[in-house]
Each structure stands twice: as structure tokens, then as C-alpha cells.
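All remarks here apply to the structure that follows.
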């Protein structure tokens, strides 16, 4: 999957938004998403040969994004005619979006900062320390600009866009989630963002796609609020299952009438009933409820930091090139089965443990 867009890379370093046939449709947010996907692939698979093969394309894509950082220190502006800032969509109106997109779109800068960090990880794994240092500094500077320019103290929220002396008063869950995923240092701002995401009928623009909702869930877990995150999972994906879903739908509103829940711009059954973008929740449950985060390529080092919230138990297996990492967490104890060649850092009941291969029973 990663090789196809890289092979079609444009001369300016951008990647076409639709592949594999040649075209110059550039979706601004697909570029950082490609970098994030490459980092995830290399880390989970341990396939650094492919990462090395794609490194020149990665460097050109990063450079393209760096060149799109405007005089205001943010990525944009949205009005550039040679790309489309997509982010997410809203089926209530053609080409609608839950994010207000003008000027320097804040979510795009936050996604780009995450991509720069991912590129730095890849560069470090490939022994390119100079690139890693430069790209990590670019990421930190972008986040600093976002927190300085986009925070609205009156509404206690990150706004959707800024430009010159103008600043939106519009707050969306999509932008808020990406701001929380950036791990802001100010605890009061973090709390305000969590509060905004926690209330389904709050003032922030709602999210109707499973793709966008996954970021909301991840942000709440990242902020260490598992009860609220799991409540959102039940409210969105749980309600979808209650309505008979056997695969995840592209878009869904639990409050919508069942007779129109799959309509798209007035067209009957226009929404996909089996959509890969809505399936991201499965990986998030492994990452946050089971707590598994792969830290070194191929699973050589893994962190386990479970967030059960009000759950009485959770168990699962995480596939790695070294074998399955099996975990079971309960209110009375835990079991961790570590494959050969792996070290696992476990945070469990106010303890930090370093586990090697074998079966470990924790009280």
C-alpha cells in the first residue's frame, strides 16, 4: 500500500490523493497521513528495508510540507488552488465538513506536526540522525505556533483556523481531538478540551464519521479519561451494532431516524455499510484498553499501559513478527505472555515492571 503513492509522487514532492493512475489531485491531509502510515508499518512489521527504499520519497514529502509552512508559522493557507484540505466530511451537505476551513487550518498543522515526529522516528531507525533532529524540531515549532495562535481564552477552546489578525470562533471536535493528541502541557487547557469532547450535545461541531470519531476516542484515552472514551465507543459503535450493523458504516448519527440513517445528500443508501475508515476503533481498543504500544521496530520493545475504565476485564493478542503478545487484565490480577526476543514495560497498579519472554502472572 505504501509503495503505490510513492511511485506516483509528483515532482514537487506531493503525493496524489488517488492512485495508482497518474493525476495531480493533492489532498493536503493525505500527505501527513502517508507518513504516519509508513511509520506504523515499519514499527509493527520491523521491515526497515521497505522504509529505507521509501526514504527518498519520505524526505521529499516532508520537504513539500515544510515549504507549505507560511509566514504565520502554520501550514497553509487553505485557499491554495493546487491542493484540497479534506480532513473529514459531513453527509448533511455536499462537500460539507465538521471543520471550518479558511486561512491556516489548525488541524492540518497538528497532523503535519505528528507526521514530522513520525518521519523523525523513521530517520532515527535508519541512522539518519540529522534528519531526525531537524524534523523533530519542526514538529515542536509547529505545535508551539498552534497553541500560541489558535487558543481562544474566551471559549476555552482551540479554534479551527487563523489568518492574520482574524481567528475563527468555531470549535470542532476534530480539531480539538488533534490538539489533545499533541499532548498540550497546560493542564487547564487539556481539561477544557476533554470537557468539550466529553459531552455529545456540547457546543463543538459534532462528528458523524467513524473515521473522525476514532480521533475523539484516541484523544480521550490519550488524556487518561478511559470512562469517557468507552462511553463514546458505546454511544457510537455500540448504537451502530444495535441497529444491526455487521460491518462498520462510513457515517452514522445515533440520534438520526432509522429511516434516513444511511442516506447521502438525499440519496437512499448512499453511505457505505462496510467502510475501512470506520474500523480504526479496533486498533484503538488494543492500543488503549489493552494498553499495547510498540516502541521499537518489529516489536522488540513494547509498552503495556492498560486503561480499563469501568471494565472488569479485557484480554487480547497483539501480533508481532516475534509472535503473539497475549494479555489479560482483570480487577483481581493480570497475565502477560511475552514471546521470545521481546521486552515489555508494564505499568500496572502503581508499579512499573520490565518483563522478558515467558508467562507472567501479576497480582
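Is it true that residue 247 is without any contact (Cβ under 8 Å) to a residue 40 or more places away in the chain and under 29 Å from residue 223 (Cα atoms)?
yes
Determine the pairs where a residue that is touching a residue at least 24 places away in the same chain (Cβ under 8 Å), located within the range 253-276, has a partner that is loosely packed, with under 12 Cβ neighbours inside 10 Å with Cβ atoms under 9 Å apart, the partner being 6 or more residues away or on another chain.
263/269; 265/93; 265/94; 273/246; 274/246
Hey, residue 140 hits all of (1) surrounded by fewer than 21 Cβ atoms within 10 Å (Cβ to Cβ); (2) not assigned by TED's automatic domain parsing to the domain that holds residue 45 but one; which does it fall short on?
Residue 140 satisfies all of (1) surrounded by fewer than 21 Cβ atoms within 10 Å (Cβ to Cβ); (2) not assigned by TED's automatic domain parsing to the domain that holds residue 45 except (2).
Please enumerate the residues belonging to the range 154-163 that are in a loop (DSSP other than H, G, I, E, B) and surrounded by 13 or more Cβ atoms within 10 Å (Cβ to Cβ).
155, 156, 159, 160
Looking at this structure, is residue 282 at negative phi and surrounded by fewer than 14 Cβ atoms within 10 Å (Cβ to Cβ)?
In short, yes.
Which of the residues spanning the range 21-68 are part of a helix (DSSP H, G or I), surrounded by fewer than 20 Cβ atoms within 10 Å (Cβ to Cβ) and touching a strand residue (DSSP E or B) at 6+ places or on another chain (Cβ under 7 Å)?
Selection gives 44 alone.
Which ones in the range 93-135 are outside any helix (DSSP H, G or I), surrounded by fewer than 17 Cβ atoms within 10 Å (Cβ to Cβ) and free of Cβ contacts under 8 Å to residues at least 24 places away in the same chain?
Passing the criteria: 95, 96, 127.
The values are calculated or read from the model by the stated rules, or taken from the named source; none is laboratory data. A quick note: this is a predicted structure, and the numbers were derived from the prediction, not measured. Please note: Cβ atoms are built from the backbone with ideal geometry, for glycine as well, and neighbour counts cover all protein chains shown.
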